[in-house]
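The values are calculated or read from the model by the stated rules, or taken from the named source; none is laboratory data. Only a predicted model underlies this, so the values are computations on that prediction, with no experimental measurement involved. Every residue, glycine among them, receives a Cβ derived from its backbone with ideal geometry; neighbour counts consider all protein chains shown. The area values use the complete protein model at the heavy-atom level, side chains included, leaving out ligands, DNA and RNA. Shrake-Rupley method; radii C 1.70, N 1.55, O 1.52, S 1.80 Å.
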Amino acid sequence: MSGGSFSDTAIERLRGGRVLALTGAGVSAESGLATFRGPDGLWEGHDPATLATPEAFARDPKTVWKFYAARREAAAGASPNPGHRALAVLETELGDRFLLATQNVDGLHERAGSRRIVRLHGSIWRIRCTRCGDEYEELDLRASARCPCGGRRRPGVVWFGEPLPADAFDRAAEAASRADLVLVAGTSSIVYPAAGLPEIARRAGAWTVEINPQPTALSERVDERIAAPSGAALPALVEAAALGAS
Ligand code: BV8
Ligand code: ZN
């Protein structure tokens, strides 16, 4: 199924079942934030994926910090869009039947009100000392890269080759194994283990819906595709299920 309208199955399962939403950089595109592999794919001539690695940080911490400082600045200047807000409404209406697992590190889901959220790849708003491990939330864009212990601080995100926070992935995988409906929005479904979550859900009987204007690596393996931007499709889904009608 394509286009903007959701199937009766998706609506029924949203109304009465357990729902897992998995999001990627595409849900922040309508807030003006660059995606990882989008048309504006390069950042100052660098492939973002080559910067999101511990090797890049060890080799050239200043350039990696510049990349993340630019993303912190962009995220600070951005606002949640209707797609983020629709997911926060789903959480309010469904309560503990709903969980959001995001690959995004920009903090826009939290600013839209999402609290039942698993951050699979960390957050650019957290920084960690590579020597003493001290990690904390740092909103000051001019934060020093040096810890009082003298160690160099790094962004609190999961880089390629690094394990995801075990509790985060386990919580998302557990929700996937019990989900009746999975909404996969704004992700190219290339990066594992996050991209493996819809498969866990499908095998356990979930109805899987992909929301993405473009086909992706997952498109052949979902029950339903909504070829529309998440900023339009997710509010339409909330509306169609007559949720948030209050
Ligand atoms: C790990 C850091 C092991 C934070 C990120 C070969 C096969 C399988 C796996 C691997 C392999 N080789 C290497 C691996 C493992 C690797 C991996 O999966 N690589 C891929 C590239 C093949 N995975 C890892 O390294 C992971 N760790 O496996 O560790 C381990 C275990 C134990 C002990 C030691 C090690 C770690 C993965 C996390 C990496 N960190 N980011 C940051 O800087 O952001 S991943 C990075 O990609 C971002 O987090 C991003 O979120 C993520 C995924 O990208 P997307 O979110 O999908 O964004 P993208 O631009 O790709 O797509 C956007 C989509 O939106 C598009 O489809 C577009 O059409 C759509 N869109 C656009 N506009 C809209 C829209 N959709 C809706 N509405 C719109 N308006
Ligand atoms: Zn330190």
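Only one of the listed residues (Ala69, Ala75) is under 22 Å from Gly156 (Cβ atoms), open to solvent by less than 60 Å² (accessible area, probe 1.4 Å), in contact with a Gly (Cβ under 7 Å, 6 or more places away or on another chain) and not in a loop (DSSP other than H, G, I, E, B). That residue is Ala75. Output yes when any residue across the stretch 135-146 is within 16 Å of ligand 2 (Cβ to nearest atom), charged (D, E, K, R) and crowded, with 16+ Cβ neighbours inside 10 Å, and no when none is. Scanning the stretch 135-146, I find at least one residue that is within 16 Å of ligand 2 (Cβ to nearest atom), charged (D, E, K, R) and crowded, with 16+ Cβ neighbours inside 10 Å, so the answer is yes. Residue pairs whose Cβ atoms lie under 8 Å apart, separated by 6 or more positions or on different chains, with the first residue in the stretch 144-171 and on the phi > 0 side of the Ramachandran plot and the second more than 16 Å from ligand 2 (Cβ to nearest atom), are Gly161/Thr53; Gly161/Pro54; Gly161/Glu55.
Taken over the stretch 130-168, the criterion of being of a type in the set (A, V, I, L, M, F, W, C) and assigned to a loop (DSSP other than H, G, I, E, B) is satisfied by Cys132, Leu139, Leu141, Ala143, Ala145, Cys147, Cys149, Val158, Trp159, Phe160, Leu164. Checked against (1) under 30 Å from Cys129 (Cβ atoms); (2) of a type outside the set (Ser, Thr, Tyr); (3) open to solvent by 20 Å² or more (accessible area, probe 1.4 Å), Gly16 passes all but condition (1).
Applying the set (1) more than 12 Å from ligand 1 (Cβ to nearest atom); (2) open to solvent by 30 Å² or more (accessible area, probe 1.4 Å); (3) out of contact with any Lys or Arg (no Cβ under 8 Å at 6 or more places or on another chain); (4) of a type outside the set (Asp, Glu) to Arg126 leaves exactly one unmet item: (1). Does any residue of the stretch 159-171 turn out to be closer than 20 Å to Glu91 by Cβ, within 12 Å of the chain's Cα centre (by Cα) and within 14 Å of ligand 1 (Cβ to nearest atom)? No, the conditions are met nowhere in the stretch 159-171.
When only residues in the stretch 89-129 that are part of a strand (DSSP E or B) and of a type in the set (D, E, K, R) count, which is farthest from Ala76 (Cα to Cα)? Only one residue fits best here, namely Arg128.
Listed here are the residues, each with its yes/no results for (1) modelled with pLDDT under 95; (2) within 16 Å of Phe57 (Cα to Cα).
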| site | (1), (2) |
| --- | --- |
| Gln103 | no, no |
| Glu110 | no, no |
| Gly113 | no, no |
| Arg119 | no, no |
| Ile127 | no, yes |
| Ala143 | yes, no |
| Pro148 | yes, no |
| Pro155 | no, yes |
